[in-house]
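Worksheet: one structure, shown below.
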Amino acid sequence: MGDMSKTTNTRSSRLIVLAPYAWLVLFFLAPFLIVLKISLSQSTLMQPPYAPLLALDAGWQGLKDFFGALSLDNYAALFTDALYRRSYLKSLEVAAVSTAILLFIGYPVAYALARAPRRWQAILVLLVVLPFWTSFLIRVYAWINILQRDGLLNDALLALHIIDRPTTWLATDSAVYIGIVYSYFPFMVLPLYATLERMDESLLEAAADLGAPPWKTFFLVTVPLSLPGIAAGALLCFIPITGEFVMPDLLGSSATLMIGQTLWTEFFGNRDWPAAAALAVVLLVILAGPILLYQRREARALERR
Amino acid sequence: MAAQPLVTFDRVTKRFGDFTAIDDLTLDIFEREFFALLGPSGCGKTTLLRLLAGFEAPDEGRVLLGGEDLAGVPPYRRPVNMMFQSYALFPHLTVAGNIAFGLKQDRLPKAEIAERVDEMLALVQLGALAQRKPDQLSGGQRQRVALARSLAKRPKVLLLDEPLAALDRKLREETRFELKELQARLATTFVIVTHDQDEAMTVADRIAVMDHGRIAQVGVPAEIYEQPNSRWVAEFVGDVNLIEGRVTTVYPSFVLLERDGLRLRVAATAVVSPGTTAWAALRPEKISIAHEASDSAENGAAGIVTDIGYLGTVSRYKVRLDCGLVVEAAMMNASRRASQTIGVNDRVWLSWTPEAGVLLTR
Ligand SMILES: Nc1ncnc2c1ncn2[C@@H]1O[C@H](COP(=O)(O)OP(=O)(O)OP(=O)(O)O)[C@@H](O)[C@H]1O
Ligand SMILES: [Mg+2]
């Protein structure tokens, strides 16, 4: 009897486990195969702007022609053209530097949140995410306003006598970093807060009791124990920042050409869908490592619970 | 000349908001003593340890270690180590790493740290598990790691906050003796917190019974048990019959107490005057129970057995005396003879000596 309920249990739980896979196949794998196929095609001036198209009515021969016409030319072009290489590298650089800055700013904020009196914590966490309830575009335009020549930032720096004449912020790398750090802030703070908040305070007392001053306790106990949060926050920021489009496009210049913009130009500007598709596939391959790493960590954390 | 105490709490008061957790408490603990803080939950035992370890600061009074005021000395500079109620083992470090943590803070040479870790592992018999992480250990093993870690720095005082609470009964009893042996071998001062009176009695040289942030009584275990200074201590430490009565006559060596026609002779262990109310505290095991009255007994009363509890080594008899009072008597089962078997509803005779009872005035 116990066995029977167990088997039905595992059967229904298997169904539940399958549901997200069905979702993935429908909304991730299928579109990905389409993009992959386009990346192996050639650009044409027709509608749709690529060839070959699969002609099923031509039977076996049509299938053979179709696969015969696919080629890796677009990928070869990616590796020979320095423009593409530069925008990939720029994307990775911006993602790495932004993630480092986010960690540097986010950790103290998350730490302060976790150490705040219990009854304040919910409100403080709410304050961190509150700005993100307004429209993303409005916030980007607000930043353009703040960063322009006679904007709030220059006014403040002038008033504080940190600079003596207005500085150009817009269309610089700094503006892109400011925008990205601003918009990914909660993605860093929230996972860090979650691990720090769960940490057993008696461990900090134990470290002090054993002779470790507070700064040593921080590096010997707090940081190692918050590594899962650091990893989650870093991956949660690094992965999407690599493909970031809006911030470099609206706040940056042609010097901050990230892969998202290059892809956009190929797709909408040059109407070269195959090149754009190849760019997207390579981006996915580059990010596959970090994404898998993130998935593994999450799965392990779930298992432990 | 009295020895200088190692630890002194000098009129210490600690408040949390408007709640007074430690209330004008004064206490001395001496070197090499195994000292127990015994009291009900919430009476301030942990708070007292935390004041000594430096996690809390007294609102009034001073905490002294070796004659020096500890005020302003942070926990990481106090030569005192604590074994936490929850063990607080570092989950990211191995057993050896946990034990070495405190030694590394002292910047000892690597070889010496390794040697000391091995020594500690041997002490708690965990050598084989040195490379395990805390979550791969059983409760009893974790408890040993915590003990080894807090002993590794050879503290002047080791503070143990309910160290055995998480162990099962058998392991707890074994570990009590190990702790006692360890303390004697290391000649360190141990301060143990417990709300288990058996534990305090077994391990401690001296016991302080705490109640609501104050010390109710301090003394060696036998003193606490045999000569409690108040009804509260008598009831908290072991089972007791408290018989309230009026003092009728005071003799040099004993006092006569009267209650509902029952007359008790109690050794004059407290100063009382005739006409006042006092209590006789009688431990159940000091009351003899028999079918016939014995003439030689100086205290005695007849009654009916209402309930018998068989506890293995002893049996407990609940007896309703003719005056209406219910008294508990205990008898070792080994000394019980078949011919004397006492059953429920039997009429019995209870007797005890004047020295069996303690005269209490509060
Ligand atoms: N940080 C704190 N803030 C407020 N009240 C506290 C704090 N720490 C302890 N108390 C209170 O002080 C009293 C004594 O607490 P303490 O932890 O010393 O008790 P204890 O004797 O160790 O009890 P237990 O046997 O349950 O561990 C309790 O009533 C507790 O609620
Ligand atoms: Mg406690």
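Here are some notes:
Quick grid of which residues meet (1) touching a Gly at 6+ places or on another chain (Cβ under 9 Å); (2) closer than 30 Å to B:PHE19 by Cα; (3) within 16 Å of ligand 2 (Cβ to nearest atom):
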position	(1), (2), (3)
B:SER138	no, no, no
B:LEU159	no, yes, yes
B:ASP168	yes, no, no
B:LEU182	no, no, no
B:ILE207	yes, yes, no
B:ARG214	yes, yes, no
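- For segment B:56-72, residues that are touching a residue at least 12 places away in the same chain (Cβ under 8 Å) and part of a strand (DSSP E or B) total 6.
- Number of residues in segment B:275-291 that are at pLDDT below 85 and over 20 Å from B:ARG263 (Cβ atoms) equals 1.
- Filtered residues of segment B:28-44 (kept if away from ligand 1 (no atom under 12 Å from the Cβ) and either over 20 Å from B:THR188 (Cβ atoms) or not in a strand (DSSP E or B) (or both)): B:PHE30, B:GLU31, B:ARG32, B:GLU33
- Residue list for segment B:75-91, restricted to those being assigned to a loop (DSSP other than H, G, I, E, B), farther than 9 Å from A:ALA206 by Cβ and touching a residue at least 12 places away in the same chain (Cβ under 8 Å): B:ARG78, B:PRO79, B:GLN85, B:PRO91
A quick yes/no check of all residues on (1) at pLDDT below 90; (2) hydrophobic (A, V, I, L, M, F, W, C):
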{"residue": "B:LYS45", "(1), (2)": "no, no"}
{"residue": "B:LEU52", "(1), (2)": "no, yes"}
{"residue": "B:GLY67", "(1), (2)": "yes, no"}
{"residue": "B:PRO79", "(1), (2)": "no, no"}
{"residue": "B:MET82", "(1), (2)": "no, yes"}
{"residue": "B:HIS92", "(1), (2)": "no, no"}
{"residue": "B:GLY97", "(1), (2)": "no, no"}
{"residue": "B:ALA100", "(1), (2)": "no, yes"}
{"residue": "B:ASP106", "(1), (2)": "yes, no"}
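- Criterion (within 16 Å of ligand 2 (Cβ to nearest atom), of a type in the set (A, V, I, L, M), under 25 Å from B:PRO221 (Cα atoms) and touching a Leu at 6+ places or on another chain (Cβ under 8 Å)) met by exactly one of B:ALA146, B:ALA200: B:ALA200
- A single entry from B:LEU164, B:LEU159, B:LEU171 fulfils the requirement of being within 16 Å of ligand 1 (Cβ to nearest atom), modelled with pLDDT under 90 and touching a helix residue (DSSP H, G or I) at 6+ places or on another chain (Cβ under 7 Å): B:LEU164.
- Matching residues, segment A:172-230, being over 30 Å from B:LEU108 (Cα atoms) and within 14 Å of chain B (Cβ to nearest Cβ): A:THR195, A:ARG198, A:PRO228, A:GLY229, A:ILE230
- Given (1) of a type in the set (Val, Ile, Thr); (2) near ligand 1 (Cβ under 10 Å from one of its atoms); (3) away from every other protein chain (no Cβ under 14 Å), number of the condition B:THR47 does not satisfy: (3)
- Flag if B:ILE29 is over 22 Å from B:MET201 (Cα atoms) and either among the β-branched types (Val, Ile, Thr) or touching a strand residue (DSSP E or B) at 6+ places or on another chain (Cβ under 7 Å) (or both): no
- The requirement of being free of Cβ contacts under 8 Å to residues at least 12 places away in the same chain, among the basic types (Lys, Arg) and not in a helix (DSSP H, G or I) is satisfied by B:ARG107.
- Residue within segment B:246-262 that is surrounded by fewer than 17 Cβ atoms within 10 Å (Cβ to Cβ), within 16 Å of ligand 2 (Cβ to nearest atom) and more than 14 Å from chain A (Cβ to nearest Cβ) present: no
- Filter result for B:ILE99 (within 16 Å of ligand 2 (Cβ to nearest atom), outside any loop (DSSP other than H, G, I, E, B) and touching a residue at least 24 places away in the same chain (Cβ under 8 Å)): no
- Residue selected from segment B:1-27 under the condition more than 14 Å from ligand 1 (Cβ to nearest atom), out of contact with any Ser or Thr (no Cβ under 7 Å at 6 or more places or on another chain) and part of a strand (DSSP E or B), by the criterion nearest to B:LEU37 (Cα to Cα): B:LEU27
- Per the listing B:LYS104, B:LYS14, the residue uniquely surrounded by 21 or more Cβ atoms within 10 Å (Cβ to Cβ) and either more than 15 Å from ligand 2 (Cβ to nearest atom) or basic (Lys, Arg) (or both) is B:LYS14.
- The selection criterion, being in contact (Cβ under 8 Å) with a residue 12 or more places away in the chain and either within 14 Å of chain B (Cβ to nearest Cβ) or hydroxyl-bearing (Ser, Thr, Tyr) (or both), holds for A:THR256.
The values are calculated or read from the model by the stated rules, or taken from the named source; none is laboratory data. Just so it is clear, the model here is predicted, and its values are computed rather than measured. Glycine gets a Cβ as well: all are built from the backbone with ideal geometry, and neighbour counts include every protein chain shown.
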